[in-house]
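Notes follow once the structure below has been shown.
The values are calculated or read from the model by the stated rules, or taken from the named source; none is laboratory data. Source: prediction; values computed, not measured. Methodologically, a virtual Cβ is constructed for each residue, glycine included, from the backbone with ideal geometry; neighbour enumeration extends over all protein chains shown. These accessible areas exclude ligands, DNA and RNA; they are computed on the full protein's heavy atoms, side chains included. Shrake-Rupley method; radii C 1.70, N 1.55, O 1.52, S 1.80 Å.
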Amino acid sequence: MLKNNNPFVSYKIEHNIGLITIDYPPVNALSQQVRQGITQGIECFQNEPAVQAIIIQCAQKTFIAGADIKEFGQPPTEPFLPDVVNQIENCNKPVVAALFGTSLGGGFEVALACHYRVALANAKVGLPEVNLGLIPGAGGTQRLPRIVGGAKALQMITEGKHHAVTSLAESGLIDAIFPLESDLCDQTIDFVKQKLGERQLPVKRSGERPIINDVDWVDALQKIKRKARGKEAPVVAVEVLQQTCDKSLTDGMKIERDAFLKLRDSAQSAALRYAFSAEKAAAKVNFNSDPLPVEIVGVIGGGTMGAGIATAFLLSGFNVILIERDDCALAAGTDKIIKNLQTAEQRGIIKQHQYEAGLKRLSTALDYQPLRQCDLVIEAVFEDIQVKKEIFAQLGQICQPNCVLATNTSYLNIDEIALATGRPEQVIGMHFFSPANIMKLLEVVRAAKSSEQALATAMMVAKKLGKIAVLVGVCFGFAGNRMYTRYGREIQQMLLEGASIEQIDKAMTNWGMAMGPLAVQDLSGIDIGHNARSAQPFPEHDPGYFRAAAVMVENGRLGRKTGAGFYHYDESGKAVSDSKASELIAQKAQQLAIEQRSFTDDDIVERAILALISEGLSLYEEGIVRQLSDIDVIWLHGYGFPRHKGGPMFYARQLGVEKVTQLLVKQQSIAGKQIWPDLKMGSLS
Ligand code: 3H9
């Protein structure tokens, strides 16, 4: 080991090869000290006559996963990453990157600047900067298209996905792929020794080649603009690549750096970086008890939700027992699960042997006795509190003492359900979002008596399922659906006050929501919310506001499933405007003597988003969520809130207390009535 006081980067020489080893937990991010360590390592080995080649490798579970996101909000410190990567490329001895885990962003840019890249077979690489509102800022936009071609580079940079090195083997990006079970360090040293012995390891600088320009830039820009839906970074990526495709590496990197710095200081990047850290914060809950191991999971109910939940568990390696009340329902539930697994296989999410293994882990039953074996049981039957209480009473008698009992209810009072078991400490909510095998969000609901162990178990299970879990408390609709109800309530009011269905949906999607709120209602079924509201478990949250939805349901217009709701659906399933729906709403407004007026798109957006903000503040005040950022995670993953706006609470914080107050007052004065309760805004500052 060579003398060096860098805590995260060490150097040693083996077989005339200089090894630079980065060991900066958890993901070897390129902090100032790591950058410094690489620079000094290159300098040291470049001047060491005994060293013939250099390897950059990492400890921990991955090669470098990118620039250190924590440093982004601070003034940049030397050495800057572009200088570090240029120093690597300009080194007069061959430099080899040894890749494993996920080499991302700046980490992949370090690898691209190396003269050779070798990797373990399951390694992945990628330039995910667009997901943080950025473009690669250390030569990624310049070196990648020189190696894999402009079209492939453009795709990798604008999509920001991770790519298996095996899928890039043909592109010339990876010089050797080693079997999974082999020792990467030994293999890399052998690779270098052999190549040196054969005199086959010349310094091969990608930056000296021209960019392979195989892109129709006008077409590419048009496509990305359409796809980006307001996101700046993917568009900037195309512009930078287009501008630099005939430039030298030095000139190209200057253009790239300027664009990177501009994006780094943008509101969108701040929001996207916030979203990344909000997700990490949601997962960090300190329970005073360890989770219980979970292997066998019971799912009661084989409807769309139950089958989706069962599929999610099967895809993640759990054994599942599906319970239904009769043969017909059981067969239908099993069919849905099989179809879900087949789709996952067709989409390449699982291989055929995983599909077969998944099916083998599924068993079914018509009575609850097999649930004795389960570590976790999730009830996913229809929303009827009486039925749920009966189920939980049986579970209390049948399940083993440690079994965690979860309900997937979206609105009902879990405290009441828990009491039916005789062991309420075991009962929690696990509110999946449909389709449960695809949607990442999971609300883990802490009921009044839920034990820390049951909650810790649910959070651990969520991680194994690959879900983003947020811990919330009991109230009508928990955090997500309660806010969604408040949002929907304002949308319904605006419909009755004269805003059109089309204008509302367009205003909201133009602002960035994934779907218009009325198109969403049609998709999920207008009757679902209507029935839940009619049951009125928490009437204070719906004092009769949903008259437009009610009139649709009364007229058999339940949404897509009946061919009409707020829209009409043609034979191809396309939504078209329907004057009948508008007439029904206008009649209702007339009956209720609601004065009609015109709305601007801004009015619609302000009122809808303020509804979210005001309900979010109330949820936080009441302690239903642990932190405001949890609300944002829920809205980003469950309700199509635009990620580049960070979530409703981040958005509110960006506006600031004064502006939010001003908008609340403005919308209230336009509506001519009190819309919001008196809000405590302190948590926004
Ligand atoms: C960039 O590189 C810009 C350059 O082009 C130009 C610069 C000039 N920095 O997700 P996990 C932490 S932009 C700091 O739970 P996993 C994370 O916060 C960057 N910390 O693990 C968490 O900490 P904690 C481009 C980071 O195994 C811990 O690591 N790179 C960073 O499920 C574990 O994270 C990216 O966008 C980071 N870059 O997934 C990569 N990354 O335990 C973003 C992670 O305290 N990262 N941490 O909460 C990821 O995609 C995933 O974290 C990764 C691991 C796949 C690496």
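Say we look at the range 77-126 and pick out the residues that are part of a loop (DSSP other than H, G, I, E, B) and out of contact with any Lys or Arg (no Cβ under 9 Å at 6 or more places or on another chain); which of these is nearest to the ligand (Cβ to nearest atom)?
G105
Has the range 197-206 got any residue that is among the acidic types (D, E), over 32 Å from the mean Cα position of the chain (by Cα), surrounded by fewer than 15 Cβ atoms within 10 Å (Cβ to Cβ) and assigned to a helix (DSSP H, G or I)?
The answer is no; no qualifying residue exists.
I'd like the full set of residues that are of a type in the set (V, I, T) and without any contact (Cβ under 8 Å) to a residue 24 or more places away in the chain, limited to the range 186-225.
Across the range 186-225, the qualifying residue is only V218.
Of the numbered conditions (1) farther than 22 Å from L314 by Cβ; (2) surrounded by fewer than 19 Cβ atoms within 10 Å (Cβ to Cβ); (3) of a type in the set (K, R), R372 fails exactly one; give the number of that condition.
Checking R372 against (1) farther than 22 Å from L314 by Cβ; (2) surrounded by fewer than 19 Cβ atoms within 10 Å (Cβ to Cβ); (3) of a type in the set (K, R), the one that fails is (1).
Can you name the residue in the range 127-140 that is assigned to a helix (DSSP H, G or I) and near the ligand (Cβ under 9 Å from one of its atoms) and, of all such residues, is surrounded by the most Cβ atoms within 10 Å (Cβ to Cβ)?
E129
Anything in the range 145-177 that is small (G, A, S), open to solvent by 10 Å² or more (accessible area, probe 1.4 Å) and on the phi < 0 side of the Ramachandran plot? List them, or say none.
Of everything in the range 145-177, those that are small (G, A, S), open to solvent by 10 Å² or more (accessible area, probe 1.4 Å) and on the phi < 0 side of the Ramachandran plot turn out to be A151, A164, S167, A169, S171, A176.
Let me spell it out: the conditions are (1) touching a helix residue (DSSP H, G or I) at 6+ places or on another chain (Cβ under 7 Å); (2) within 16 Å of the ligand (Cβ to nearest atom), and K152 meets all of them except one. Which number is the exception?
Status for K152: all satisfied but (2).
Going residue by residue through the range 53-73, is there one that turns out to be more than 10 Å from the ligand (Cβ to nearest atom) and hydroxyl-bearing (S, T, Y)?
no
Out of the range 10-44, which residues are open to solvent by less than 40 Å² (accessible area, probe 1.4 Å), within 16 Å of the ligand (Cβ to nearest atom) and of a type in the set (A, V, I, L, M)?
Result: I22, A29, L30, V34, I38.
Quick test for you: out of K506, K463, K449, pick the one residue that is modelled with pLDDT of 95 or more, part of a loop (DSSP other than H, G, I, E, B) and among the charged types (D, E, K, R).
From the options K506, K463, K449, the qualifying one is K449.
What are the residues in the range 548-596 that are assigned to a strand (DSSP E or B) and crowded, with 18+ Cβ neighbours inside 10 Å, if any?
Within the range 548-596, G559, A564, Y569, A575 qualify.
Kindly establish whether F287 is under 30 Å from I323 (Cβ atoms) and under 25 Å from the mean Cα position of the chain (by Cα).
Criteria met by F287.
Per-residue answers, yes or no, for (1) within 17 Å of I20 (Cα to Cα); (2) open to solvent by less than 30 Å² (accessible area, probe 1.4 Å); (3) among the polar types (S, T, N, Q); (4) more than 22 Å from the chain's Cα centre (by Cα):
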position	(1), (2), (3), (4)
I54	yes, yes, no, yes
I64	yes, yes, no, no
T77	no, no, yes, yes
L81	yes, yes, no, yes
A98	yes, yes, no, yes
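Of everything in the range 342-384, what is small (G, A, S) and under 18 Å from G303 (Cα atoms)? Give them in sequence order.
S363, A365, A380 - these are the residues of the range 342-384 that are small (G, A, S) and under 18 Å from G303 (Cα atoms).
Testing M515 on (1) touching a Leu at 6+ places or on another chain (Cβ under 8 Å); (2) open to solvent by less than 10 Å² (accessible area, probe 1.4 Å), one condition comes back false. Which one is that?
(2)
For the range 597-604, indicate whether the set of residues that are in contact (Cβ under 8 Å) with a residue 24 or more places away in the chain, in contact with a helix residue (DSSP H, G or I) (Cβ under 7 Å, 6 or more places away or on another chain), assigned to a helix (DSSP H, G or I) and crowded, with 16+ Cβ neighbours inside 10 Å is non-empty.
yes
Would you mind finding the one in L628, L619 that is within 23 Å of A469 (Cα to Cα) and surrounded by 22 or more Cβ atoms within 10 Å (Cβ to Cβ)?
It is L619.
Take G126 and decide whether it is more than 19 Å from K254 (Cα to Cα) and either within 21 Å of the chain's Cα centre (by Cα) or at pLDDT below 95 (or both).
Considered against the rule, which asks whether it is more than 19 Å from K254 (Cα to Cα) and either within 21 Å of the chain's Cα centre (by Cα) or at pLDDT below 95 (or both), G126 comes out as yes.
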